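Input: a single structure, listed below in structure tokens.
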Amino acid sequence: MTTPTSSALLALIIERIQGEGPISFADYMRMALYEPGYGYYVTQAKRIGWEGDYYTSTDISDLFAHCVGRQLLEMWQWLDQPERFVVLEQGAGRGHLAEGVQAWAQNEEPAFATALSYHIADIRLGRDALSESDVTEQEIRPHVLLSNELVDAFPVHIVEVRDQHLYEVYVDTQHGRLHEVLDEPRCAELAAYLERYKVPWQTFSNGWRGEINLNALRWMEQSASLLPAAPARRKLHGFLLAIDYGDKARDLYTPERRRGTLACYFQHQLTERPLQRPGEQDITAHVNFSALIGAGRQHGLRLHQFATQREWLIQYGIHEELERVRQRDFALIETARASDQGQVALLQWYNLRHRVAALTDMAGMGNFKVLIMKH
Ligand SMILES: C[S@@+](CC[C@H](N)C(=O)[O-])C[C@H]1O[C@@H](n2cnc3c(N)ncnc32)[C@H](O)[C@@H]1O
């Protein structure tokens with residue numbers, strides 16, 4: 001179904017293609033997601049959560065935010081507990097993670113809560129993480145730059161292998177519809193990128209595709225420059241914590257993943273038709289964490305931790321907290337299981353246990369990656 005927004009945006013995209021010829025998939029994705037007034041991320045419709053197109057870890061359980069809270073507390077301690085500890089969450093969406101972390105800190109760690117100065121930014125609040133002026137304009141110098149599922153939204157180029165030759169996917173138009181065409185890559189950076197991460201694409205079969213997120217490299221460079229400059233004595237002065245789905249390059253660009261990782265979400269359904277409904281569906285691609293780590297290192301950051309979300313949640317005590325919650329809130333299950341309240345408690349307990357299992361499930365969110373780099 002086409003809506004007024006998607007047809008107006010479609011008309012704009014077609015007009016641009018008619019003016020300048022086929023556009024790269026990255027340019028198409030930028031318009032579909034960010035075109036002022038029409039893009040998926042800049043219009044006011046509900047996108048995230050049960051009423052939207054997809055949900056994130058913060059929708060599943062507060063216990064996720066509590067682990068982030070414990071991680072931030074530890075970072076604050078590593079930095080010798082600055083009086084004002086500034087956290088900037090980019091791509092914060094509805095701000096649920098921010099609320100969850102701050103509520104946890106107030107309940108569990110009042111001294112940390114007093115120091116914590118938690119700021120949220122999102123393109124829907126007019127704050128583009130890819131814009132160089134975004135944070136400097138606001139005069140926020142974060143100790144920690146945090147994001148959950150931000151980088152997967154950045155526009156990507158798509159390359160395709162044909163007869164051991166590398167082509168790029170462009171978007172063209174015919175009879176008022178959009179379609180893909182292959183052509184020589186216009187920027188040399190794409191082949192160099194695959195070279196840099198040692199992707200043996202020459203050995204891949206015809207039709208193999210991969211996405212290349214050049215914006216992620218730029219974002220990493222900007223992020224490194226936002227963290228506080230190094231005072232001479234201190235060993236540590238800032239962290240970047242990015243959670244997203246993706247892998248290191250060697251596990252991402254494999255012959256088995258023949259058609260890449262691009263995915264579209266519309267009303268909780270996964271589709272593989274990015275040219276449909278521009279502006280009405282989410283378009284994402286897995287993150288190449290080797291690229292984030294490499295770019296971070298190039299701009300002065302050091303790798304602190306790279307783990308699966310499962311490993312990291314366990315490290316930050318999700319199972320211990322689950323057990324504490326069981327003892328605190330679900331005692332009725334042991335003492336009066338047969339009563340109505342006991343039965344309700346049992347169902348609520350199963351529900352919570354299920355949610356924690358979903359966050360840590362290696363076939364799902366547990367396989368998301370947590371990257372921590374330090375300055
Ligand atoms: C998948 S949602 C995740 C939201 C939130 N972090 C969460 O965990 O629920 C991606 C968010 O990133 C925002 N976003 C996408 N591109 C952005 C950009 N370039 N700059 C800032 N925010 C962006 C979107 O508006 C959206 O709120």
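Quick notes on this structure:
- Only one entry in PRO278, PRO274 is touching a Cys at 6+ places or on another chain (Cβ under 7 Å) and either in the same structural domain as ARG353 (by TED's automatic domain parsing) or closer than 21 Å to GLU168 by Cα (or both), namely PRO274.
- One residue stands out among those in segment 172-200 that are charged (D, E, K, R) and under 30 Å from ALA11 (Cβ atoms): the one that is least open to solvent (accessible area, probe 1.4 Å), which is ASP172.
- The one condition in (1) away from the ligand (no atom under 11 Å from the Cβ); (2) out of contact with any Asp or Glu (no Cβ under 9 Å at 6 or more places or on another chain); (3) open to solvent by less than 10 Å² (accessible area, probe 1.4 Å) that ILE23 fails to fulfil: (2)
- Within segment 76-92, being of a type in the set (A, V, I, L, M, F, W, C) and farther than 14 Å from TYR118 by Cα holds for TRP78, LEU79.
- Every residue from segment 81-97 that is of a type in the set (S, T, N, Q) and away from the ligand (no atom under 13 Å from the Cβ): GLN81
- Breaking point among (1) polar (S, T, N, Q); (2) at pLDDT below 95; (3) more than 9 Å from the ligand (Cβ to nearest atom), for GLN71: (2)
- Just so you know, in segment 201-241 the residues that are small (Gly, Ala, Ser) and over 30 Å from TYR167 (Cβ atoms) include one that is surrounded by the most Cβ atoms within 10 Å (Cβ to Cβ), and it is SER223.
- Residue in segment 299-321 that is among the aromatic types (Phe, Trp, Tyr), in a loop (DSSP other than H, G, I, E, B) and either buried (at least 18 other Cβ atoms within 10 Å of the Cβ) or within 20 Å of the chain's Cα centre (by Cα) (or both) present: yes
- Selection from segment 326-345 of residues that are assigned to a helix (DSSP H, G or I) and surrounded by 15 or more Cβ atoms within 10 Å (Cβ to Cβ): ARG326, LEU332, ILE333, GLY342, ALA345
- LEU150 of a type outside the set (Phe, Trp, Tyr), within 13 Å of the ligand (Cβ to nearest atom) and within 24 Å of LEU72 (Cβ to Cβ): yes
The values are calculated or read from the model by the stated rules, or taken from the named source; none is laboratory data. Keep in mind that this is a model prediction, so the values were computed, not measured. A quick note on method: Cβ atoms are made from the backbone with ideal geometry, for glycine too, and the neighbour counts reach across all protein chains shown. When the accessible area is computed, the model is the full protein with side chains, heavy atoms only, and any ligands, DNA or RNA have been set aside. Shrake-Rupley method; radii C 1.70, N 1.55, O 1.52, S 1.80 Å.
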